[in-house]
Every structure is written in structure tokens, then in C-alpha cells.
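Working notes, structure below.
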Amino acid sequence: MTLLRRTVLALAAATALTPSTLLAQETDTAPIKIGEINHFKRLAAFAEPYRKGIELAVSEINANGGVLGRPLEFLFRDDQGDPAEAVRIAEELMTRDGAVMLTGTILSNVGLAISSFAAEKHYVYLASEPLADTLVWGSGNPYTFRLRTSTWVQAAMLAEQAASTDAIRYATIAPNYAYGTEAVAAFKANLTRLKPEVEFVAEQWPPLFNIDAGAEAQALERAKPDAIYNVTFGTDLAKLVREGTDRGLFDGRDVYGLLTGEPEYFEPLGDEAPEGWFVTGYPWYDFAEGTPGGDFVAAYEAMFGETPKNGSNVGYLTGLSVAAAIERAGSTETEAIRAAFEDLDIPDTPIGPLHYRALDNQSTLGAFVGTTELNAAGEGVMVDWSYKDPAPYMPSDDEIRAMRPAE
Amino acid sequence: MAFYLALFLTGLANAAALFLVASGLSLIFGVTRIVNFAHGSLYMLGAFIGVTLMQVLPGAVGFWGAILLTGLAVGVIGALVEIVVLRRIYRAPELFQLVATFGVILVIQDLALMIWGAEDRLGPRAPGLRGVWRIFGEPVPKYDIVLIAITPVILLALWYLITRTRLGILVRAATQDREMVGALGVNQAWLFTGVFALGSALAGWGGALQLPKGGADLLMDFNIIGTVFVVVVIGGMGSLPGAFIAAVLISVLNAFGVAFLPQSTLVLMFVVMAAVLIVRPYGLLGREEVAGEHGQVGAPESPIRPYGPRGIVLTAFLLALLASLPGFAEPFVLTLVIDIVVFALFAASLHFILGTGGMVSFGHAAFFGGGAYAAALLVFHTDTPMELAFLFAPLAAGLLALAIGWFCIRLSGVYFAMLTLAFSQLVWSLAFQWRSLTRGDDGLINIWPADWLNGPLPYYYFTLILGVGGILTLRHIIHSPFGYALRAGRDSPRQAEAMGIDVKRVQLVAFALAGMMAGLAGGLFVFSKGSVFPTELEIAKSFDALIVVFLGGVKTLAGGVVGASFLTSVEHWLTRLEYWRLLLGLVIIAVVILMPEGIVGTLRRQALRLRRADEEAPR
Amino acid sequence: MTEILRAERLRKSYDGFLAVDGVSFSVRAGELKALIGPNGAGKSTCFNMLTGQLKPTAGEVYLRGTRITGKPPREIWRMGVGRTFQITGTYRSMSVIENVQMALISHHRRLFSFGLRAWKLYREEALEFLRTVSLEDQADRPCSVLAYGDLKRLELAIALCHRPRLLLMDEPTAGMAPSARIELMQLVADIVRDQGLSVLFTEHDMDVVFAHAHHIMVLNRGKLIADGTAEEVRSDPKVQEVYLGGGTLFKEAGRA
């Protein structure tokens, strides 16, 4: 009996001890491996388009001879949305599977966990999708780079538009977690700076993906705001739009929506998509053929038989950024890649030139802003949109230096 | 005034779907005593099937017909789950079935992703019910009014079914006394299947009915399950009117919470649940749990004994193997073993109160995460030396457990479990919302060990010594007079009290001790990962531990440790595959069906059988 | 003889129903006293108030002059009162001897020791108690496989562990074969004689009662209707009324 019980323990340990089958072969033609960690299952709706974007980039890069003459390969690993799990996988990817750097995550907390771990272990980490600005500012470190447009910048773009209207009384609604609070704080800071007389008359904080939209709409209505700033997304957004529209919440009010125009969140609304909201998003449908953006859309549709999401774009840019950095580094050594990322220039991407600032390791990916409308086919689209460069909306270099921990 | 009325109506409308799902869960628990974690998954299936059917069937008839058909379809799925999985394990220890339902959750998640894809589906509108009616000038969506009207009808229909039909009589009889049903000459297996199907159908209807207010997405299952459990517990497990009252109570309170305390919505219902349970330990309309109902099903445990010489030699051999591991294994294996040891200690601490103490905690993560946070906060805010901060982890977690345990130990069974869950949610919300202290879900980062420990090798030995030390300490305590007193209180509280044992005090000390050990695991964890986030305090974390304890075997001493090693290893290997959740779910279900006493329990039984066969063999 | 236990006007009501209605009696040192009465007379309720499982609605209980009304069972146990239950409450997951050791651990106030090995503690002493009830052969068997009669004897051994001055036994022979009943009660009577302790017990089997009890009390519908020697009780008209007649019918009632 005891013997058997012990054997089980030994067996359990043995499963963990099976030698790796995938010891990286360091030859000239072996693929360069990138460890991509994401919540592919937990946030499938957002992670799948992102993954496809990477796959498209990788297939194009490898068709053009790869990186440093070697093919590029992404190892996709699922972390279940658990920061601790992500850290373990990061360790495994780097020490066992032969990855040369790490990318990925959507959830900010997972991104922060990997970032902290990467700094400690000296691994390069490109935080492709996490939204929290603290990744590159308050908790920034030399080994973490961030691709996605910062929340601060996108909120500032909306605040700029809001400041140009007569609205004084603002209500905000944002999911009750770090991104939501950061997005509201950024909007408030920018708007009050531009127009000190504004008032914030209501702040609503529904739990993420568990909104009670009816009650939220009533609470917003009760505050009688002139304008509403929305940070909810996904199913929360759909429910809020539905209840709000039915109850006339948005009638005669300006509405600003952070990320609202991204196809991930806007497309599911179908013909119930709200009109006249000023939003950030990704208007792929307007990209003309022959432009870099249009070519990306065409290639994506050809490869996957579906239209791209914002995540597809970020994923694609992730692939390009990694390839460019390694190409520039001329090697797969961590320190070389890290140095190559600083002030890295990628001239041709679907959104134009992309740059990684040495100042804070943040990319110069901007944002598309525009007004929502229903098109003839009854689909929600962004019109009168423009692509805005983030530079004017960034805090000053000195402010950023003050935020970043000393290197 | 009109505003309050409108808000109240919103709450009532929200109660409709909640009540449907909760009544199904309550019914299933009342009759089969299964705590069905997969109930949220059935609700999600209802939403997806409903959307699909509504796209096929046109018009108002199609819409309402689709809802009806959805319930039937989900009912059939529920019946299948019952027949294929649950029927085989009714004789397993109480609450063991929840492990199987957890496997079902994983399977359904991946199947739904395969069938319907990742994108969220917006629910179709109810034909003719778009827009609002005005009540005292306040807009109230038409569909809300319909939902408000439907809910009492459903309650009445269920009431009729339960009180006026033969099925109802059987259900009530089974809720009172399971054995009695057999005496009534009824095939218990089919009654259980029928009830499970009905409960599932109710969840399916709930999912379909909420479509015009929302839609179908892959996160629905976990999003509703917490609320549903809260409703069922507040109402009293097994009570349909209780579920109704609680669904209305929670929904209306929530609507008012949104309007007047917008930040409170994360914890409001858990505060309500804790308050209700402290005042009324069996919920509003629940009945008292019969003593010994929990942990006493199935064959009794055999007496325990510390390892004999052979066991000690084998343990020593295994420890020597682990100690010499850095000599031949690659570095990553050390990381994995650290994770396994940490999780095994966490699971062993839960096993201590669950197995030896008979106290099923659904909120054990509060102490794991609590310990991790205690150490991390000290390091983050005060730059306390790691060695000191580390000591603080078990200390703080133990004190926290003492405080929480003081409230919880007066309850028992599922109600005890749910009160621990409520408190762990409160701790979670503190970590989540007290941003100035904890940085919210940005977490506390850069929490690394002192220099002399900072490296894979020193930290590996550090974890090995303290982790294994903790596990062995717990084992030792199980064999000590205190451990025996704890077991006495579990086996027969009345007898224990009648022989001078202060059962509640013994349980409280055990609870605090388990909290301390969980906190030690949390301390080891935080310095190995370098960061801690509110995820470590989540319900999912508590359930991870719960599942490995059951998987390993509640009525064995090594169950928690073996279960943790097994699940961590399997999970680590499977997650690299595309549909890993499906596979993991199937693995869990397979283990549950093949080894209803847990891995260790079943292996031990097999070994005993072999030995007996040897002895009986003719010489 | 000195008085060990005294109950004064004990009363227990449940939602207006009086289960025990103003019962007063006493138990003296070295006495083997029975409490009898038809089903539902309030015997178990009465017992449960004496040993703390139930709080009386009114009335007092004194143990050797000390008021113990409403004290929790464990404190009353510590004051030297043993108790066995109608439905046995042994520890199923322990061996026979460990059940006894558990009581000894509690008696020696070692409940909160974490370092010792419980199964080694007081083993000899426990064996001694098992010998008293002739269970020493089964000492290391799991308690869960014990025959019912053996369980009853084990319970007796457990109840003797803290050397009580007073033992309360609720239906000690219920569910046993007639021969085993006599045997067990003979054992109890021997213990009473050897150790000088007092026993108060309830019992259905009138043979057992009249063979062993020094004094008998009769409870009916919550009221004490008789308290005296076997002969006094047997001839009490109120008792005969309750049991529908004279001495011979007592046996019938016992089987009912």
C-alpha cells in the first residue's frame, strides 16, 4: 500500500522530469524561435485575430528569406490568463524551448508579471497588446518594450475632440479594473487641462464582462450629463448600447468611446451599432487597395477568409517588429536584441513608419479616430476618420523620465 | 420616486434569468446533492443554442419557439452528462462530483469554441418588443416588462410541478431523504437523471431568455456561476421559493448598488451573502443540514498510521531524488518542481481541514494570496528585507484565517463552504480595489528574494526545504493528538463534545493552521514569481486546490500532494495543445470515473485487493 | 448515601409543546437508577438536559451541589459525568482502541499537543479499559467493522475513561439480543459495585430494568409519575395505568 502510494508520487514527479524533446539546435538554418504567451482560450475573441496577424507576418517574412537567413517561428503558448502560469511558461520558453525573446498578452496584469520577470532574468519582452501604461512608465524597465498605443494617448485624442464642444457636464463609464480606471483618469486629466470648466457628474464602474446595463444606463441618465465617455468593451459594450439606445440615453448627447470602433467590439453590434459616437478604432474597410494598409487587409482576407480585427493589425505589427529588431541586432543574443529595439525604425508597415522610442521603449503606433455611422448595408463603421500620430499627445519627455524607474 | 420604481423594475427583470438558472441548480442539489459547477456552462449553451435557433426560426413564433426548444435541447444535454459522467460516481465521497462537473465545464468551453467560434454573438431582439414603455415618465424596456411577468409564471409552474405532480412528490421525498425514494419503489437513477435534465433545461431557458438583453459569449459560464451560487445559498440550498426571493433580492440590490454605490458592484452580493449566512446559517428558507451528511458518504476511512520503515525509506528516497535533481535535470525542471511543491503545500493545507477536519472550504485562496500579498506589500512599500517579509506571509495568513474562521466554523457543509467563499471574495476585492495600497490588478511586482537566495538553485532548495517541511509538519500534526481530536470532531461532533473536546475551538485552530500553511505556500510563491496579482485570491485559485484534493483522494493523507503534482504536470503538458481544455476536461472526467476514491484512494484499494488475492491463493 | 445529581423542576418546551414538564429527582452515590416510560415520554430530552446537549426552558440541574444548568456537554463531562447515546457515536475512521485513546487524551488534557504520536499515547491504559468490557481482542480493528453490541460495549469503555462519578446511559441495550442485554447490564452493575459510581439509565426492556435497577423513575408525557424501588413502582396505580396493567404486562410493553 505504502509502496504504491509512493510510486504514484514518483510517477508524478517523473512526468515532470521527462527530458525535453525540443532542445534547440543551434544551427545556421534552424528557425529563430519567439515565445508568444497569450490567453488564447480565455479571451479567444481577442486573441485569435491577434494570432492570425502574427501568422500572416511570419508567412510573409519567411517567404522573403526569413530573418538573418533563418526562418522565424512563433511558439504559441496558452497561459489561461494567469500571471503566475505565464511566468512559468516564459521561463520554459526561454530556457528549454530555445526562444530568443518573448511577446504577447492582452491582460495588463499578465503583461506586468512577464515584464517584471523579464527584467529580472534579462529576457527581452515585447508587450504587444497590454493596455496599461505603467508597463512602460511607472513600472517600466529596460527589457520591456510595448507596441500597442498607450491608453493615455488614445484618451487624450478623445479629450481633445471633447474639449472643442460646448459640453460641460461629463459622465464616465468604465469597467472596474486597472485599465478602466487608467482610461478614465487619462481622459479627465487631458480634458480638464484643455478645458478647466468641465465637470464630471457621474462615474460608473461596472464589473468587467458582468455589466448590469439597465441600471448603469439609468444611473448615467440620472446625472443628466451633456456628454458620456465610454470605456466598456466586448459584451459590456453591446449590453450598454442596447439598454442605452432603448432608454434614449444617447439622444442629444455626445458620446466618446475608447476602443469602441475596434471591429472586435463594434462588429458584433450589427445594425444596432450606435451612430455619432466619437471613437478610436480600426477602419480597415476604408483602406484603399495598393496602400500598405489595403494590402495587409487583402492578404489577411486571402489567408484566413475573414476580415481583420484591430488585434490582427497588432499581431501583424508584432511579427514585423520582432523581425526588424533581430535583423538589426544581427544576432539572437538578448543584449543585442534589446539594444536593437531601442530607436528601432520600421519604415514600411500597414500603418506607415513605426518607431520604438529609446526614451520609454514605447512604439509610435498611433490610433484611428472617427465618428460612427451605420453604412448602407446596416453595418457600423467609422467615418471621417484620421490616423493620428501619438507624439503630440504624449506626456513630455521629462515627465516620462520622472515616471520611469532609474535604469 | 419614478426613478426608484424604474430601478426596481430593472432589478426585477434581471432576476428572471438568474432565478431560472438558480432554481435549476437548487433543484439538482436538493435531490442529488451534487454541487454542479457546470451549471453556468449549461446556461451558456442555452444562449448559443438559442441564438442559432432564432436565426433559423422566423418571427415571434420562431423566437418563443426557439426559447422553448433551447430548454429541451439543454435538458437533453444535461441528461447525457448525468448518464455518462455523474451516474457512475454517486457513491463517491460527498462533493466529489464537483470535480467531475469541473471537467464538464472545460469540455463544454472548448466544444462551444469549436462550434460557434470565438466571436461574441449579439442576441436577437424579441419580435414586437423592441423599445420602451413609459411608466411615470421613466422609460422601461418592453422586454423587461415581459420578463417581469414571466418570472412568477415560471415560479408557479415549478411550484405546481413540485407540489401537485407525482414527479414533484418524488423530488420532495428525495430532497428530504434520499433513501426513502428507493423505498417508494422508484428507480432512483432515472429520477436523478430526470431532475438533472429539468435543472439543465431551466439553465438553458435562462440562457435563451436573456438573449434580447445581451447575447452569447464564451465567458458567460464563469460570469454567472458565482452569482447563481450566491443566490442559491442565500435562498437556502434546495428551496425554490428561496431561490426566487434571493434572485430578486440580489438583482434589485445590485441595481440600486449601481446607481448609488457604483464601485461596490464587485462585492455587494458577497457582502449580502455573508450577512445572511451569519444571521441565518442555512439561508433564508433552507433547512438545517443533517449532522454527518458531509464527508460521511461511502465507505468509512480506515484508521491511519504513520509510514512504517518501508514508507520512510521510500519518502527519503524521493526526497533524495528531489534534492539531487539539480545535478542532472535541466534548469526549467527546477522551476516546474518549485511550482509543484508550492501548489502541493497549498493543496495539503486545504486537505488538512477538508480531509482530516471535514471542513470544505471554497475560499482557501484567501490565505494563499493573503500570505503572498502580506510579504509583497512589506517589500513593495517598506523595502523590508526579504527574510523578514517572508516570515510575515504565514503569520498574516494565519491571523486572517483565525478571523475568517471565527465567523465560518459555526456553519457546516455547503454553507460553511459558501461563507468561506464570501470572505475570500471580500479579501479579493480589497486587493482589487484598494489601489493606493495594492495597486489593484496591476499587482505588486519586482518582489524578488534576497541576494543569497536569488538564483534557481538556492531558491529551489529553499522551496524544497520549507515546502516539503510544511507538508511533513501537516502530516505529523494529523497523527498527533490534535489531529485525532480534529478527526473526532468530524466523525461525530456530538460524541466529541461529550468527551470534553471543544470541537469548534479545535476546528478554528485547524483552520488557522491551514491558513498559515497556505500563507507559507503564498510566500514561497511570490518570491519565485516576483509578482503577485489579485488572481491569486480568485475563486478559481480556491477551486484549483479543491479539485486536486478530490482528485488525489479526500480520504487519504497523500491525496492533496499527489493530486497537485498530477494536475500541475498534466496541465503543463496539455496547455501547449490547441484544444487543451477539452483534453484536460476529459482527463479529469476519466480520473473521476475510473478512480472514484481519488487517485491515491483507488490505488490503495487496488493494492489491498491484490494483497488479499495473494493471501487467499492456494499454496 | 450522598446525593450526586439533583434535577429541580426541569422543563423543556418546543414551540409550545411541553416535552418535559417540571421534573425533579435526584441520583445518589453508588446507585443504579432507571428512568423508564413509554415512547415520547421525554426520557431522551431529559437526559440531554442533564448532560448539556439541550438547554432547559426552566429548572436547574445540580451536580454534587454545583449548578450545571446550561453548561456545554464538554464541561459537564470534565466535572465527572459520563454519557452514552441511544444511537452510538463512535469515531468510524479510528480503530477500536484509538476511540478509547481519544477519550484518554481528552481526559489528560493533551488535545492541543502537536508533537506527540496519538496512537502511542495511553495505549496500555486504553487496553485496560477495553479489557473491562472484554473488547481487548478487537483493539486494533477498525471501529467501522464492529458488531452493534460490541459498539455499545466500546461506548461504555469510552464513557469510563475519565473515571466518572456518574454515568448516564441512554438505552444502553437497544438493538441487542436479549442474552447480550443481560450480559451488558450485569457488566454495568459490576462496575457500579466495584468503582462506586452512580448510573442513571433509560431502558425499554423491563426485564433488564427490574433485574438491575436499585431505583426506578417513570416518566409519562413529560411528567414524573413515580420514583421508588422496583416494588414501589410496580405497585403504583398510576404506573399501571400508563402500562395498561400489572407486572406481567411490563414485558409486553418492553417489547413494543
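The values are calculated or read from the model by the stated rules, or taken from the named source; none is laboratory data. Since the structure is predicted, the reported quantities are computational estimates derived from the model, not experimental observations. Reconstructed Cβ throughout: ideal geometry from the backbone, glycine too, with neighbour counts over all protein chains shown. Quick note on the areas: whole protein, heavy atoms, side chains included, nothing else; ligands and nucleic acids left out. Shrake-Rupley method; radii C 1.70, N 1.55, O 1.52, S 1.80 Å.
Scanning the range A:104-126 for residues that are more than 8 Å from chain B (Cβ to nearest Cβ) and touching a strand residue (DSSP E or B) at 6+ places or on another chain (Cβ under 7 Å) yields a total of 10.
Being open to solvent by less than 10 Å² (accessible area, probe 1.4 Å) and at pLDDT 95 or above narrows it down to one of A:Leu72, A:Leu135, so name that one.
Details: A:Leu135 fails: at pLDDT 95 or above.
Of A:Leu72, A:Leu135, the one residue that is open to solvent by less than 10 Å² (accessible area, probe 1.4 Å) and at pLDDT 95 or above is A:Leu72.
So, in the range A:339-376, how many residues would count as being under 25 Å from A:Ile32 (Cα atoms) and in contact with a His (Cβ under 8 Å, 6 or more places away or on another chain)? Counting residues in the range A:339-376 that are under 25 Å from A:Ile32 (Cα atoms) and in contact with a His (Cβ under 8 Å, 6 or more places away or on another chain) gives 5. Restricting the range B:535-556 to residues that are crowded, with 24+ Cβ neighbours inside 10 Å and part of a loop (DSSP other than H, G, I, E, B), the residue that is farthest from the other protein chains (Cβ to nearest Cβ) is B:Val554. Counting just the residues of the range B:557-574 that are farther than 26 Å from B:Pro303 by Cβ and more than 9 Å from chain A (Cβ to nearest Cβ), which one comes out farthest from the chain's Cα centre (by Cα)? Here the residue is B:Leu574. All of C:Ala29, C:Ala103, C:Ala58 fail the test of being among the aliphatic types (A, V, I, L, M) and within 14 Å of chain B (Cβ to nearest Cβ), apart from C:Ala103. C:Ser106 passes every criterion in (1) within 18 Å of B:Phe482 (Cα to Cα); (2) in the same structural domain as C:Gly37 (by the TED database) apart from (2). Scanning the range B:108-124 for residues that are open to solvent by less than 30 Å² (accessible area, probe 1.4 Å) and part of a helix (DSSP H, G or I) yields B:Ile108, B:Gln109, B:Asp110, B:Ala112, B:Leu113. Being in a helix (DSSP H, G or I), under 15 Å from A:Glu36 (Cβ atoms) and at the interface with another protein chain (Cβ under 10 Å from one of its Cβ atoms): is that true of A:Leu93 here? So A:Leu93 fits the description; yes. Residues that are modelled with pLDDT under 95, of a type outside the set (Phe, Trp, Tyr) and out of contact with any Leu (no Cβ under 7 Å at 6 or more places or on another chain) occur in the range B:358-366; there is at least one.
Residues checked against (1) over 20 Å from the mean Cα position of the chain (by Cα); (2) part of a helix (DSSP H, G or I); (3) without any contact (Cβ under 8 Å) to a residue 60 or more places away in the chain:
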| residue | (1), (2), (3) |
| --- | --- |
| B:Ile224 | no, yes, no |
| B:Val228 | no, yes, no |
| B:Ile234 | no, yes, yes |
| B:Val252 | yes, yes, no |
| B:Gln263 | yes, yes, no |
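Can C:Leu50 be described as within 24 Å of C:Gly196 (Cα to Cα), crowded, with 20+ Cβ neighbours inside 10 Å and assigned by the TED database to the domain that holds C:Arg153? No.
Out of the residues in the range B:237-247 that are assigned to a helix (DSSP H, G or I) and open to solvent by less than 30 Å² (accessible area, probe 1.4 Å), state the one that is farthest from the other protein chains (Cβ to nearest Cβ). Here the answer is B:Leu240.
Take B:Pro326 and decide whether it is open to solvent by 10 Å² or more (accessible area, probe 1.4 Å), in the same structural domain as B:Thr568 (by TED's automatic domain parsing), farther than 26 Å from B:Arg439 by Cα and assigned to a helix (DSSP H, G or I).
Numbers: open to solvent by 10 Å² or more (accessible area, probe 1.4 Å): yes; in the same structural domain as B:Thr568 (by TED's automatic domain parsing): yes; farther than 26 Å from B:Arg439 by Cα: yes; assigned to a helix (DSSP H, G or I): yes.
Yes; evaluated as a whole, the condition is true for this residue.
Going through (1) within 7 Å of another protein chain (Cβ to nearest Cβ); (2) open to solvent by 10 Å² or more (accessible area, probe 1.4 Å); (3) under 18 Å from B:Ile471 (Cβ atoms) one by one, B:Phe482 falls short only on (2). How many of the residues making up the range B:317-332 are at the interface with another protein chain (Cβ under 9 Å from one of its Cβ atoms) and among the small types (Gly, Ala, Ser)? Residues flagged as at the interface with another protein chain (Cβ under 9 Å from one of its Cβ atoms) and among the small types (Gly, Ala, Ser) within the range B:317-332 amount to 1. Residues in the range B:267-289 that are open to solvent by less than 50 Å² (accessible area, probe 1.4 Å), assigned to a helix (DSSP H, G or I) and in contact with a Phe, Trp or Tyr (Cβ under 7 Å, 6 or more places away or on another chain): B:Ala274, B:Leu277. Residue count for the range B:357-414 satisfying the condition of being open to solvent by less than 10 Å² (accessible area, probe 1.4 Å), touching a Gly at 6+ places or on another chain (Cβ under 7 Å) and of a type in the set (A, V, I, L, M): 5.
Quick one: is B:Ala417 at pLDDT below 95, in contact with a Phe, Trp or Tyr (Cβ under 7 Å, 6 or more places away or on another chain), open to solvent by less than 10 Å² (accessible area, probe 1.4 Å) and closer than 30 Å to C:Met94 by Cβ? In short, yes.
Scanning the range C:193-213 for residues that are surrounded by fewer than 19 Cβ atoms within 10 Å (Cβ to Cβ) and among the hydrophobic types (A, V, I, L, M, F, W, C) yields a single hit, C:Ala211.
Inside the range B:206-222, residues that are in a helix (DSSP H, G or I), within 14 Å of chain A (Cβ to nearest Cβ) and touching a Phe, Trp or Tyr at 6+ places or on another chain (Cβ under 6 Å) make up a count of 2. Within the range B:485-496, the set of residues being out of contact with any Ser or Thr (no Cβ under 8 Å at 6 or more places or on another chain), at the interface with chain C (Cβ under 7 Å from one of its Cβ atoms) and of a type in the set (A, V, I, L, M) comprises just one member, B:Ala488.
I need the full set of residues from the range B:450-470 which are assigned to a helix (DSSP H, G or I), aliphatic (A, V, I, L, M) and out of contact with any Pro (no Cβ under 8 Å at 6 or more places or on another chain), in order please.
Taking the range B:450-470 as the starting set, the residues that turn out to be assigned to a helix (DSSP H, G or I) are B:456-470.
Then drop every residue that is not aliphatic (A, V, I, L, M), which leaves B:457, B:464-466, B:468.
B:Leu464, B:Ile465, B:Leu466, B:Val468 - these are the residues of the range B:450-470 that are assigned to a helix (DSSP H, G or I), aliphatic (A, V, I, L, M) and out of contact with any Pro (no Cβ under 8 Å at 6 or more places or on another chain).
Could you tell me whether the range B:172-179 includes any residue that is part of a helix (DSSP H, G or I) and buried (at least 22 other Cβ atoms within 10 Å of the Cβ)? Steps first, please.
As a first pass, look at the range B:172-179 and keep what is part of a helix (DSSP H, G or I): B:172-176, B:178-179.
Right, trim to buried (at least 22 other Cβ atoms within 10 Å of the Cβ) and you get B:174-175.
For the range B:172-179, residues part of a helix (DSSP H, G or I) and buried (at least 22 other Cβ atoms within 10 Å of the Cβ): present.
Each row is one residue, and each column tells you yes or no for (1) over 26 Å from A:Gly380 (Cβ atoms); (2) open to solvent by 50 Å² or more (accessible area, probe 1.4 Å).
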residue	(1), (2)
B:Ala126	no, no
B:Val132	no, no
B:Pro139	no, no
B:Tyr143	no, no
B:Ala149	yes, yes
B:Leu158	yes, no
B:Arg166	yes, yes
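Within the range C:140-173, restricting attention to residues that are part of a loop (DSSP other than H, G, I, E, B) and open to solvent by 40 Å² or more (accessible area, probe 1.4 Å), the residue that is modelled with the lowest pLDDT is C:Ala147.
Has the range A:241-260 got at least one residue that is under 27 Å from A:Leu75 (Cα atoms) and in contact with a Phe, Trp or Tyr (Cβ under 9 Å, 6 or more places away or on another chain)?
To start, the set of residues in the range A:241-260 that are under 27 Å from A:Leu75 (Cα atoms) comprises none.
No, that holds for no residue.
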